[in-house]
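**Student:** Quick one: this structure, given as structure tokens, is what I'll be asking you about.
The values are calculated or read from the model by the stated rules, or taken from the named source; none is laboratory data. All figures in this text were calculated on a predicted structure; none of them were measured in a lab. Positions of Cβ are generated from backbone atoms using ideal geometry, with glycine treated the same way; all protein chains shown enter the neighbour counts. When the accessible area is computed, the model is the full protein with side chains, heavy atoms only, and any ligands, DNA or RNA have been set aside. Shrake-Rupley method; radii C 1.70, N 1.55, O 1.52, S 1.80 Å.
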Amino acid sequence: MSVAPRTPPTKRDWSWRSQAFRGLLYQIIAVVLIGGIAWWLAANTAENMRVRGIKSGFDFLTQPAGFDIGESLTKFDSNDPYWKAFLVGVSNTLRVAILGIILTTILGTLIGVGRFSRNGLVRGLCQAYVELFRNVPVLLQLLMWYLLFTEFLPDVTEAKRIGDIYLSKGGITFPKPIWESGHLFGVAGLLVGAIGAWFYRRWARSKFEATGQIRSMFWVPVAIVLAVGVLGWLAGGAPSQFAVPQKGEFAVEGGGALTPEFMAVLLGLVLYTAAFVAEVVRSGISSVARGQSEAAQALGLSKGQEMQQVLLPQALRVIIPPMTNQFLNLTKNSSLAVAIGYPDVVSISNTALNQTGRAVECIALIMLVYLTTSLLTSFFMNWYNAKSAIKER
Amino acid sequence: MTTQNQDNIIVFDKVNKWYGNSFHVLRDINLNVRRGERIVVCGPSGSGKSTLIRCINRLEEHQEGHLIVDGTELTDDVKAIDKIRKEVGMVFQQFNLFPHLTVLENLTLSPMYVGKMPKKEAEEKAMLQLKRVRIAEQAGKYPLQLSGGQQQRVAIARALCLTPKIMLFDEPTSALDPEMIKEVLDVMVEMANQGITMICVTHEMGFAKAVADRVIFMDQGQIVEQNTPHEFFNNPQTDRSKDFLSKILGH
Ligand SMILES: Nc1ncnc2c1ncn2[C@@H]1O[C@H](COP(=O)(O)OP(=O)(O)OP(=O)(O)O)[C@@H](O)[C@H]1O
Ligand SMILES: [Mg+2]
């Protein structure tokens, strides 16, 4: 006899004491309240602005900005419109945020893992680092680096010269390769090398599984990428024209440059946030039960294998959510750059605000930028978290 | 160095250990374990049983005296420690399986990374061990999907994968429900019959009577009494062991 397939009942209890009804009711109340407040704020603001004759709207974005920007990845001058100035600000913010997140992750992880070193000196230094950098306000640290770069380096006219690198209050100026078509071969070489490195890792992995021989999974691939890159560069005719900075009468000209503002913001944010990341990594690792470490040791795994194969994979799921917080903090803290004159999106919006008086619009733009980057970061980290979660049940 | 008999696979010679500066946890331990001998260690809680067996694979280090395992003296020498850990398997009270790896991966991790064994061979050997503990069908599952008794049997299989000469058990059944205790003890009895050297901290008297060559009774960091299981359980010599036995038999 076959049994008819049964599906779960779909009918819900909607009496006024049911959980379902209560849940829906609270949601409706919340939406009405929040909507009402938002409407009231918007209407009030619009009315106030109308009464005082404040102009509103985003039309100012197409007008010429009328101010110069200290540093920009693309060319910008004062005749360019406001929207371009905004983009420069956004790109400056993103430049600090992305580089900062990468460097912070590396430095913070090293320091966090270092707190488990067998070497007492390393352990002590890592702890001292964390205590020092997380206990000094980040704004103070930015100002301190900026002061160091601008006060203790010589004037531009007396720039300190190390080889072709010049150091001065104006920042670091260094030789920059002049772009030629031959460089394309170099870039192509790097790409081919990356693919080769990927194949090497697959090969090494299968070789390890087949013979038990352990091969370097990091340094050899890195060497492959670099070597093939150099080969490509040679094939492209080894273009080696550099734009070498020259000391003129008033400034060091030519070459690539990093401004003291950029270096101070980046260094300050990285060193500060790395202390927190180190703590996140440390607490993640020590959240793994002590028995795990003992079992790994009893099985004869070396310290490094224990960390890589047993502790870190389990620590990761504890580490990722607070790590997201640190990345968001770094991005948002980059707005402190305004204090030392680095032209990030806040600093440029500020200038635009002062010139045009469109306060609501400028603030809204800043919020939009931070909201977008933060949400993107969160989405990426949530995706990564879901991917690395371990199946336990 | 002491005169050591080739037949002694483990030699404790006046071993002393302290926790911190003041807590003297092992006092003048002298103990010779013969190759293939099966020893049960018992004693009241806090008497230093775990500490004693954890010294053998250097999860704890002793500060005084000599400890020689399979001809190698345990010192700070990393090479010696590596060698001994390959020869000594350990099973813990809390299983300590790696939750992020499948049962099979738990078993192959050490043979592959420490024993430099090809994956295929490691997996074949692992399956063999899983069959031995009668749990081969669970190879693809994750540890936390298994019952306590199954987890402990996986842990035993994992320890056996390096083909150790010595197996250490630290209260392997005391975190288990009664009906699971038997399935784990059965596996251990089978192992005992195959001639591996075993040191087992346990209060399972049935197990001690069935397989142990010798029972060691510890109290306050000292080996107070040692005897055959029959003699020890029927005719304890010291007041402390009498007291202890009356307690564990009492309930
Ligand atoms: N890491 C440690 N630091 C300080 N004291 C410890 C440490 N580990 C154990 N002890 C103490 O050493 C004593 C002996 O511990 P041990 O775990 O060897 O006892 P045990 O005989 O195995 O007890 P149980 O039957 O409860 O497992 C206990 O009093 C314990 O509190
Ligand atoms: Mg114990």
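**Student:** With A:101, A:162, A:111 as the choices, which residue is over 30 Å from residue A:362 (Cα atoms) and modelled with pLDDT of 90 or more? Quick ask: steps written out before the conclusion?
**Tutor:** Numbers: A:101 fails: over 30 Å from residue A:362 (Cα atoms); A:162 fails: modelled with pLDDT of 90 or more.
The conditions single out A:111.
**Student:** Here's a follow-up. Of all the residues that make up the range A:175-190, how many are under 28 Å from the mean Cα position of the chain (by Cα), of a type outside the set (A, V, I, L, M, F, W, C) and outside any helix (DSSP H, G or I)?
**Tutor:** Looking only at that region, the number is 3.
**Student:** If you check every pair at least six apart or on different chains, which have Cβ atoms under 8 Å apart with a residue in the range A:214-243 that is closer than 13 Å to residue A:204 by Cβ and open to solvent by 60 Å² or more (accessible area, probe 1.4 Å) first and a residue that is part of a loop (DSSP other than H, G, I, E, B) and modelled with pLDDT of 80 or more second?
**Tutor:** A:214/B:116
**Student:** Please verify whether the range B:94-111 includes one or more residues that are polar (S, T, N, Q), touching a Leu at 6+ places or on another chain (Cβ under 9 Å) and surrounded by fewer than 23 Cβ atoms within 10 Å (Cβ to Cβ).
**Tutor:** No - not one qualifying residue is present in the range B:94-111.
**Student:** Here is a list of conditions, (1) touching a strand residue (DSSP E or B) at 6+ places or on another chain (Cβ under 6 Å); (2) over 19 Å from residue B:197 (Cβ atoms); (3) near ligand 1 (Cβ under 7 Å from one of its atoms), and residue B:46 meets all of them except one; can you say which number that is?
**Tutor:** Unmet for residue B:46, out of (1) touching a strand residue (DSSP E or B) at 6+ places or on another chain (Cβ under 6 Å); (2) over 19 Å from residue B:197 (Cβ atoms); (3) near ligand 1 (Cβ under 7 Å from one of its atoms): (1).
**Student:** Of everything in the range A:121-161, what is open to solvent by 90 Å² or more (accessible area, probe 1.4 Å) and among the charged types (D, E, K, R)? Give them in sequence order.
**Tutor:** Those that are open to solvent by 90 Å² or more (accessible area, probe 1.4 Å) and among the charged types (D, E, K, R): A:123, A:151, A:158, A:160, A:161.
Yes/no matrix, rows are residues, columns are (1) open to solvent by less than 10 Å² (accessible area, probe 1.4 Å); (2) away from ligand 1 (no atom under 16 Å from the Cβ):
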residue	(1), (2)
B:126	yes, yes
B:130	yes, yes
B:135	yes, yes
B:139	no, yes
B:151	no, yes
B:156	yes, yes
B:172	yes, no
B:176	no, no
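**Student:** Considering A:113, A:96, which residue is in a helix (DSSP H, G or I) and over 28 Å from residue A:257 (Cβ atoms)?
**Tutor:** A:113
**Student:** A follow-up question, please. Do the conditions hold for residue B:106, that is, is it under 14 Å from residue A:296 (Cβ atoms) and within 16 Å of ligand 1 (Cβ to nearest atom)?
**Tutor:** Criteria not met by residue B:106.
**Student:** Here is a further query. Scan the range B:196-245 residue by residue and report those that are under 18 Å from residue B:11 (Cα atoms) and open to solvent by less than 20 Å² (accessible area, probe 1.4 Å). Working first, answer last.
**Tutor:** The initial filter retains those residues of the range B:196-245 that are under 18 Å from residue B:11 (Cα atoms), namely B:196-201, B:213-218, B:221-227.
Matches in the range B:196-245: B:197, B:198, B:199, B:200, B:201, B:215, B:216, B:217, B:218, B:221, B:225.
**Student:** With the checklist (1) more than 16 Å from ligand 1 (Cβ to nearest atom); (2) assigned to a loop (DSSP other than H, G, I, E, B); (3) among the aliphatic types (A, V, I, L, M); (4) out of contact with any strand residue (DSSP E or B) (no Cβ under 9 Å at 6 or more places or on another chain) in hand, flag the one item residue B:162 doesn't pass.
**Tutor:** Going through (1) more than 16 Å from ligand 1 (Cβ to nearest atom); (2) assigned to a loop (DSSP other than H, G, I, E, B); (3) among the aliphatic types (A, V, I, L, M); (4) out of contact with any strand residue (DSSP E or B) (no Cβ under 9 Å at 6 or more places or on another chain) one by one, residue B:162 breaks only (4).
**Student:** What pairs come out if I take residues in the range A:86-114 that are more than 20 Å from residue A:315 (Cα to Cα) and in the same structural domain as residue A:361 (by TED's automatic domain parsing) and pair them with residues that are among the β-branched types (Val, Ile, Thr) and surrounded by fewer than 19 Cβ atoms within 10 Å (Cβ to Cβ) whose C-beta lies under 8 Å away, six or more apart or interchain?
**Tutor:** If the second residue must be among the β-branched types (Val, Ile, Thr) and surrounded by fewer than 19 Cβ atoms within 10 Å (Cβ to Cβ), the pairs left are A:88/A:74; A:91/A:74.
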